[in-house]
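Trainee: Mind having a look at this structure? Questions to follow.
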Amino acid sequence: MNHEVIAKAGKVVEMNAVKDGKYTGGISVLSLIDLEGFPTASILSPSKCDGINWMTFCTNINANGAKRVAKCNRASVCFATVEYCINLVGEMEIITSPEVKAEMWYDGLSHHFTDADDPNYCVFKFTTKRYKILFTEVGEEVEGNL
C-alpha cells in the first residue's frame, strides 16, 4: 500500500510542476529556517520533479531563500488541497550550473530574469529524506523515509 500511495503522491507533485516549459498554476509551500533560526514559509512553483524523490525551484540567488539555504540546508515542501496533504522533509542545495539553469528555465521566469544566463537566477534542488502523505477521500495515510 505504501508504494501505491507514494506513486499517487508523485503524480500529484508532477501535476503541480511546470510542464513543457509552461507554468501549470501548481504551487507548493517551501519551508526553510531563517537566519535567526526561525521557520519561514514561501509559496513556490516546482519547475521539475521526479515524483516525491526530488524537485527543483527557480529563484533569485540574492533573495533571502538562498541565504537561508546557504546557512541551513534543511527544508520542507508541502502540497495540499482538501483532497490531499503531501508533506516532504529533506535537504536543499543551490545550483548555479549553466546547464542546469538552462534545463530548468521556463517561460514564466522571464518576468523575473533576463534569460537562463542571468547571474541572479539560480535553482534550488530539494531531495526528500522522509514523507507524510494523506489522501483524505479514502483515508490513506503513510509516512516513512526515502
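The values are calculated or read from the model by the stated rules, or taken from the named source; none is laboratory data. Quick caveat: nothing in here was measured; it's all calculated off a predicted structure. Every residue, glycine as well, gets a Cβ built from its backbone with ideal geometry; the counts of neighbours run over all protein chains shown. Note: accessible area is taken over every heavy atom of the protein model, side chains too, but ligands, DNA and RNA are not part of it. Shrake-Rupley method; radii C 1.70, N 1.55, O 1.52, S 1.80 Å.
Trainee: Find the percent of Cα-Cα distances in region 29-146 that exceed 21 Å, and round it to a whole number.
Mentor: Roughly 40 percent, rounded to a whole number.
Trainee: Right, here's the next one. What number comes out for accessible area per residue over region 33-91 if the probe is 1.4 Å? Units Å², please.
Mentor: On the way: 2960 Å² over 59 residues.
On a per-residue basis, 50 Å².
Trainee: I want to check the label-to-label distance for A7 and I43. Put each point 7 Å from Cα in the C-beta direction and report it in nm to one decimal.
Mentor: Inter-label distance under the simple model: 3.2 nm.
Trainee: Roll a 1.4 angstrom probe over the protein heavy atoms and tell me the percent of accessible area of the chain that is carbon or sulfur.
Mentor: Working: 4120 of 7980 Å².
About 52 percent, which is the carbon plus sulfur part of the accessible surface.
Trainee: Label-point separation (nm) for N62 and K22, each offset 7 Å from Cα along Cα-to-Cβ?
Mentor: The answer from the label model is 3.3 nm.
Trainee: Filter the cross-link list K11/K48; K101/K129; K11/K132 down to pairs whose alpha-carbon distance in this structure exceeds 18 Å. If you can, show how the numbers build up before the last one.
Mentor: Working: K11/K48 12 Å; K101/K129 24 Å; K11/K132 15 Å.
Too far apart for the 18 Å limit: K101/K129.
Trainee: Roughly speaking, what is the stretch gain from E143 to T81, that is 0.36 nm per residue apart minus the C-alpha to C-alpha distance, in nm to one decimal? Let's see the in-between values first.
Mentor: Working: separation 62, 0.36 × 62 = 22.32 nm, distance 1.81 nm.
Gain on stretching E143 to T81: 20.5 nm.
Trainee: Using Cα-Cα distances under 8 Å and only pairs 6 or more residues apart, what relative contact order does the chain have, in percent?
Mentor: 24 percent
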